[in-house]
Amino acid sequence: IDEIATALSTIVGVESAAATTSIPGDDGGAPVRVVADGAAGVDDGIGAQTIGVSAGIFDTLGLSLIDGRPLTAAETIDPAARVAVVNEALAARFWPDGGAVGRRVGVWRRAEVDWYRVVGVAPDVHYEEVSEETPQSRLSLYLPQAVTGARSMALLARATGDPDRLVEAARVLMRQRFPDQPVFELMSMAERRRFVSWEAQFMGEMMGTFAAVAVCLAGLGVYALLAYSVRRRVPEIG
């Protein structure tokens with residue numbers, strides 16, 4: 001996946017590219033129960049989500065870390081890497097006095113805890129679709145992609161220029177250099193937002209249409225009532 005991301009970054013207009021298991025505003029991460037260093041058991045944990053990422057994900061998302069450093073390329077491809085980046089909300093939940101970098105956060109997997117050393121704190125990102133955000137999805141733990149064992153990942157590219165041209169260039173590159181890799185839903189983020197929010201947009205347009213029809217009917221009703229009232233009083237007025 002790193003090789004594909006590197007290849008995408010060579011396209012003219014692409015500033016950076018990276019892989020992730022979750023697309024902002026589209027789908028949340030894998031739900032897990034996490035604990036801070038020193039926790040006694042699973043009951044001490046809180047619900048959060050893990051997101052597998054490759055190197056350069058925060059540059060691609062246009063984010064600057066609040067504290068610490070991002071995951072390195074060597075760490076993201078190492079299945080034995082035990083480092084993580086937490087988002088600001090999770091850091092504030094576990095360590096409200098600050099100092100999250102260098103601490104340990106654990107992920108409960110069956111009856112054991114996998115411990116990770118926090119190397120950075122990232123700004124909060126809204127990952128769930130519209131109106132689907134939960135207290136758990138607001139707490140994110142970024143892990144190396146090799147640790148998560150994800151079967152599929154999304155490739156994100158930060159670019160300038162015409163989105164349609166860049167999408168076509170990416171499609172051609174994938175066909176030429178990685179013909180065995182299945183590629184689907186290749187689109188700009190604007191198209192992605194429309195794709196995941198079509199239901200809310202449809203409901204909004206439908207409610208707006210109903211509201212407009214209701215206003216027209218109310219106006220016709222008021223006009224008809226006034227016309228009828230005036231017509232009945234024509235002799236009196238005359």
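The values are calculated or read from the model by the stated rules, or taken from the named source; none is laboratory data. This is a predicted model, so every value here is computed, not measured. Neighbour counts are summed over all protein chains in view; Cβ atoms, including those assigned to glycine, are modelled from backbone coordinates with ideal geometry. When the accessible area is computed, the model is the full protein with side chains, heavy atoms only, and any ligands, DNA or RNA have been set aside. Shrake-Rupley method; radii C 1.70, N 1.55, O 1.52, S 1.80 Å.
Points to keep in mind about this one:
- Every test in (1) assigned to a strand (DSSP E or B); (2) more than 28 Å from GLU15 (Cα to Cα); (3) touching a Gly at 6+ places or on another chain (Cβ under 9 Å); (4) at pLDDT 90 or above is passed by VAL113 save one, and that test is (4).
- Of all residues in the stretch 172-185 being modelled with pLDDT of 80 or more and surrounded by fewer than 10 Cβ atoms within 10 Å (Cβ to Cβ), the one that is farthest from VAL12 (Cα to Cα): ASP180
- Exactly one residue out of GLU185, GLU191, GLU168, GLU236 is of a type outside the set (S, T, N, Q) and at positive phi, and it is GLU185.
- The criterion of at least 1 residues that are at pLDDT below 90 and under 30 Å from ALA169 (Cβ atoms) is met by the following helices (runs of 4 or more DSSP H) wholly inside the stretch 186-238: 189-196, 198-232.
- Options LEU143, LEU166: the member that is within 30 Å of ILE11 (Cα to Cα), at pLDDT below 90 and either surrounded by 14 or more Cβ atoms within 10 Å (Cβ to Cβ) or out of contact with any Phe, Trp or Tyr (no Cβ under 9 Å at 6 or more places or on another chain) (or both): LEU166
Residue-wise test of (1) within 18 Å of ARG158 (Cβ to Cβ); (2) touching a Pro at 6+ places or on another chain (Cβ under 8 Å).
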| site | (1), (2) |
| --- | --- |
| ALA17 | yes, no |
| ILE23 | yes, no |
| ASP26 | yes, no |
| PRO31 | no, no |
| ALA36 | no, no |
| ILE51 | yes, no |
| PHE58 | yes, yes |
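- Residues satisfying the stated conditions in the stretch 118-140, i.e. under 20 Å from GLY56 (Cβ atoms) and open to solvent by 20 Å² or more (accessible area, probe 1.4 Å): PRO123, ASP124, VAL125
- Hits in the stretch 210-233 (condition: open to solvent by 80 Å² or more (accessible area, probe 1.4 Å) and of a type in the set (Val, Ile, Thr)): VAL215, VAL222, VAL230
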